[in-house]
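Beneath this line is the structure, given in structure tokens, with notes to follow.
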Amino acid sequence: MKRLVKGIKYHLIDKRELSKFMRRHYFNLSLKTKFIILIMLSTSLISITLGYYSYSTSKSQIVDKVSQSNLAVIGVIDRNLTNMQKGISDWITVFAMSSVVQKSLQDPRTEPNYLESALYSGTTSSMMDQMLVTGNFDYLALYGKTNEPLYQVARDGSSGPKHLNGIKQHRIYQKTLQLNGSAYWFPLTEQNNVFIEYNRHEKLGMSRIIRSTLNGEKLGFIMVGVNHQTIKQHYLRSLYDQNHGIVILDQEGTPLLKAGKEFYHSKLLPSTIVGDLSERTGSLINTGRDEDLLLTYSRAKNGWLIMYAVPLNLLTKELDSIKSLVVIIIITCILLSIPISMSISTLLTAPIKKLLASMKRFQKGHFDERVEVKYHDEIGQLSLGYNTMVTNIKSLVDEAYVLRLKEKEAELKALQSQINPHFLYNMLDMIYWEAERSGQPQLGDMVISLSRLFRLSLNRGKSFTSLGKEKEFILLYLSLQQMRFKDRLTFNIDIADELESYVILKLCLQPFIENALYHGIESKREGGFIHVTASLKDQYLHFEIQDNGGGMNEETLMDITKIQNESDVYTSHETGGYAIQNVIERLHHYYKDDYVLSYESELKKGTLVKLVIPAITITQEEIS
């Protein structure tokens, strides 16, 4: 049960996902395509609906008319069979009440051939002639008190009447006794044939008890058989064929007679109809494996249920023309809807396409874009709004954006020239010679490294430098920091010599190394290491700065990478975050969106910074 519920849930989820996918895919189509699909679907739906309604209405009307016609046929069948039963019953009554028959049944000593010779002479001869001429039945057997029949005649070649003792054991005889002289009709089949040894044809049987005309005493038993073929020829002629079938059931639902098209099976009609002996009529459509049938039924006065069946496709042949016409109309509507919808959609979407093309040119920097407005509908109003927006943006670009670019450039130049280089070099040179005279060579080396560090950082005011110079700058910076941290700092710079000719933004790596020292290694008593690597992949330089310091939480990462509001006053005692923010601004300023900067940091384990920038050679960028 759980698996079933789980399977149903998955099935519903799959259907929902498919529905979402189709809806998303449809709404991602172009406006013109969506309009064409919508028109074609609407046209098809309307055509199919109208066609189906026309076909269903015509079919229903034909079925109703044929049902009424079939009921009329059933009425004819009912009358014919009633006449047959009455004729046979009347003849049997006259036959049984004749003096010859009465005498033979009452006197068991009557000679065997007496009855047969007496029937065809005297007053009963006309009655027997009528039987032979009309041919209402094909077999007759009269039993008295002996085991052998007193009289037996067969018009169809059947022979061998069975003994009365065997007949008395059968249900048919018991049923005949219960009717107390009334006729009992039954189908004579191989299963219930206790009357004729060699029965040549299928028959409809009738049995009766014969009583004395004097005292009503039971004298004998008579059985009459009518061949199915006789009934079909005399009473059902022209009422059936290979496409129209007749089935007659008795009061118990047992088939008495079948004619024409074979269609009957035990589950053809609901048990409520078969078991209901009241006079009722009706029609229904029975869906079978091979074909559908229009089944009309009626309960006759004698209790028999008469069914008349016609294949439904035989009735709907006349509707094939309507069906074909509907299909032609649907196809024509769909074919016509294609050029019509394309024309209308082109007319509606042409201004939108022009507006979209203008927007794309505007995105590429064409700030003089304008859209021609022909009409003042919703699209025209949108185009007017777009023109106004473009005018305002161009004004803002002219007044603010260009000015801001110049201010950025001036700011970068100002940052590089904040320290007077000549004054700085002269002072460092004086400190170096003082250290040499004082016998402090380590201090002299520090001053020399610092002097070279500042020369590389100023880079004659240029914004770009070679990777070789940046590598030397990082080496000098880490060497000075190693003098400060002593054994607490170890580092490794893994930048191949063949990469040194590539051009990168000046001072784009040092702030991350400084941040690693400040946030990572400085806070650890045992110190740590810094590993810097560079590689070339797919025309991009990939840098990694890794440390095993204290790491940073998400709040600290956001704090140092978030671009702060601009101000001329910086009051924080920390410089690492400001330097990184400055690098991010410069990266975005020079590389636009063609760079990738990512952080991976875990507290107490360290930080990994990854930077990817375009690989530019010295021939592409002049280095001073």
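Overview of values
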| read-out | value |
| --- | --- |
| Residue within the range 376-399 that is at pLDDT below 75 and either among the basic types (K, R) or open to solvent by 100 Å² or more (accessible area, probe 1.4 Å) (or both) present | yes |
| Hits in the range 170-223 (condition: in contact (Cβ under 8 Å) with a residue 24 or more places away in the chain, part of a strand (DSSP E or B) and open to solvent by 20 Å² or more (accessible area, probe 1.4 Å)) | Y184, W185, E197, Y198, R208, R211 |
| E526 vs. criteria at pLDDT 85 or above and either open to solvent by 10 Å² or more (accessible area, probe 1.4 Å) or in the same structural domain as N553 (by the TED database) (or both) | no |
| Test: residue in the range 71-81 that is part of a helix (DSSP H, G or I), open to solvent by less than 90 Å² (accessible area, probe 1.4 Å), of a type in the set (S, T, N, Q) and in the same structural domain as K301 (by the TED database) | yes |
| Inter-residue pairs, beta-carbon under 7 Å, first under 9 Å from A300 (Cβ atoms) and in the range 74-97, second among the aliphatic types (A, V, I, L, M), 6+ apart | I74/I306; I77/L236; I77/L239; I77/I246; I77/I306; D78/A300; D78/I306 |
| Scan of the range 267-301 for residues that are out of contact with any strand residue (DSSP E or B) (no Cβ under 8 Å at 6 or more places or on another chain) and under 23 Å from L236 (Cβ atoms), ordered by number | K301 |
| Pairs, first part of a strand (DSSP E or B) in the range 492-516, second charged (D, E, K, R), C-beta under 7 Å, six or more apart | I493/K471; V503/E621; I504/E470; L505/R586 |
| Among the candidates K232, K261, K317, residue that is more than 30 Å from T57 (Cα to Cα), open to solvent by 20 Å² or more (accessible area, probe 1.4 Å) and assigned by the TED database to the domain that holds V73 | K232 |
| Subset of the range 346-364 (residues that are in contact (Cβ under 8 Å) with a residue 12 or more places away in the chain, open to solvent by less than 100 Å² (accessible area, probe 1.4 Å) and within 12 Å of Y386 (Cβ to Cβ)) | P351, I352, L355, S358, M359, F362 |
| Residues satisfying the stated conditions in the range 327-373, i.e. among the polar types (S, T, N, Q) and either part of a loop (DSSP other than H, G, I, E, B) or under 38 Å from the mean Cα position of the chain (by Cα) (or both) | T332, S337, S341, S343, S345, T346, T349 |
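The values are calculated or read from the model by the stated rules, or taken from the named source; none is laboratory data. This structure is a prediction, so every number in the text was calculated from the model and none was measured. Ideal geometry is used to build each Cβ from the backbone, glycine not excepted, and the neighbour counts take in all protein chains shown. The protein model used for the area step is the full one, side chains on, heavy atoms only, and it has no ligands, DNA or RNA in it. Shrake-Rupley method; radii C 1.70, N 1.55, O 1.52, S 1.80 Å.
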